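Trainee: Mind having a look at this structure? Questions to follow.
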């Protein structure tokens, strides 16, 4: 099962590598290393830090995808090593440096895309969107590539908050959601979920539960019931983006075309994994 290429999904996939250069680019790793942080720790603090200095339980609750004890340990060790303002500055600096390396100086086409995306973001409701709300409280970067990156991150967090709500409404926890998503986007069962630090025992128990509920076959493939559930979750996620897409209006095709092209160059430039399944999985 490959997720349907709806307008909202096309926009999401076009923006994913742009949004995540602060995680995958060498420039980002260098910025975090200068603070004494590993890449993943920088990612965790840089994402959670838009909420201020939240307790670890709030970080676990809002992130949703990672094993709780591991995420807690990473977050708390990061707080003991670097300050949130320094991490947020490093996050932005790494992203901007990476985009300038890949593309050089921005042109008018970048500002046109940012303007269109901001039109959609202005329509995005804050209610029930904690990570989006936190990120939207941050100042917009002065650099044009930085503004594109920031807009992409805002949309990513908005969609992520909506997606977590949709998963819970459909009776899925974080571990079960990981398993269904990895199968839906083309990963072998368990392969991507292991990168989120879940134990083999926990993964086995979740797989058994999904098989018992007739969402997965014993061979680790989506059943018809499981595929329907995963599509229903995606539909509920995308319904939350209706106002955003309406705000972008006629510019959507142009935004998707340009951002898809830029994202391909980001992948070619080593600032995001050249892996279609990773692109779709997030």
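Trainee: For the chain, set up a Gaussian network in which alpha carbons nearer than 10 Å are linked by springs, and say which option among 209, 13, 235 fluctuates the most.
Mentor: Answer for the Gaussian network model of the chain: 209.
Trainee: Please sort 93-102, 257-266, 80-89 by packing, taking for each peptide the average over its residues of neighbouring beta carbons within 10 angstrom, highest first.
Mentor: With the highest mean Cβ count within 10 Å placed first, the list reads 93-102, 257-266, 80-89.
Trainee: Which length gain, in nm to one decimal place, applies between residue 165 and residue 201 when the Cα-Cα distance is subtracted from 0.36 nm times their residue separation? Don't skip to the answer; put the middle values down first.
Mentor: Numbers: separation 36, 0.36 × 36 = 12.96 nm, distance 2.60 nm.
Length gained between residue 165 and residue 201: 10.4 nm.
Trainee: Could you list the residues of segment 178-207 with an amide nitrogen less than 11 Å from a label point located 7 Å from the Cα of residue 219 in the Cα-to-C-beta direction?
Mentor: Those under the cut-off are none; the list is empty.
Trainee: At q = 0.08, 0.11, 0.14 Å⁻¹, work out log10 I(q)/I(0) for the chain with the Debye formula, treating every Cα as an identical point scatterer and leaving solvent out; two decimals please.
Mentor: With no solvent term, the Cα-only Debye profile gives -0.32, -0.62, -1.04.
Trainee: Which distance in Å, rounded to a whole number, links the C-alpha centroids of segment 73-134 and segment 141-156?
Mentor: First find each Cα centre; the distance between them is then 5 Å.
Trainee: How far apart, in nanometres, would the label points at residue 86 and residue 274 be if each is projected 7 angstrom from Cα along the Cα-to-Cβ direction?
Mentor: So the label points at residue 86 and residue 274 sit 3.6 nm apart.
Trainee: For segment 226-246 and segment 1-35, what is the separation of their Cα centres, given in Å?
Mentor: Using only Cα atoms, the two centres lie 20 Å from each other.
Trainee: Now for a separate question. Once you order the gyration tensor axes a ≥ b ≥ c over the Cα atoms, which shape class does segment 1-60 get: rounded for a/c under 1.5, otherwise prolate or oblate by comparing a/b with b/c?
Mentor: oblate
Trainee: Let me know the whole percent of all Cα-Cα pairs from segment 94-207 that are separated by more than 25 Å.
Mentor: Everything past 25 Å amounts to 43 percent.
Trainee: Take peptides 61-74, 125-138 and line them up by average Cβ neighbours within 10 Å, highest first, as a rough protection proxy.
Mentor: 61-74, 125-138
Trainee: Between residue 232 and residue 123, what FRET efficiency comes out of the Förster formula 1/(1 + (r/R0)^6) with R0 = 41 Å and r the beta carbon distance, rounded to 0.05?
Mentor: 0.95
Trainee: How do 43-51, 271-279 rank on mean C-beta neighbours within 10 Å, highest first?
Mentor: On the way: 43-51: 23.7, 271-279: 17.7.
Answer by packing, highest mean first, reads 43-51, 271-279.
Trainee: Under 1.5 on a/c is rounded, so check that first for segment 30-143, then, if it is not, pick prolate when a/b is larger than b/c and oblate when it is not; a ≥ b ≥ c are the square roots of the alpha carbon gyration tensor eigenvalues. Could the numbers behind the result be given before it?
Mentor: Values: a/c = 2.51, a/b = 1.33, b/c = 1.88.
Oblate, since a/c reaches 1.5 and b/c is not below a/b.
Every number in this text was worked out from the coordinates using simple rules, so none of it is lab data. Just so it is clear, the model here is predicted, and its values are computed rather than measured. Don't worry about glycine lacking a Cβ; one is built from the backbone with ideal geometry, like all the others, and counts go over all protein chains shown.
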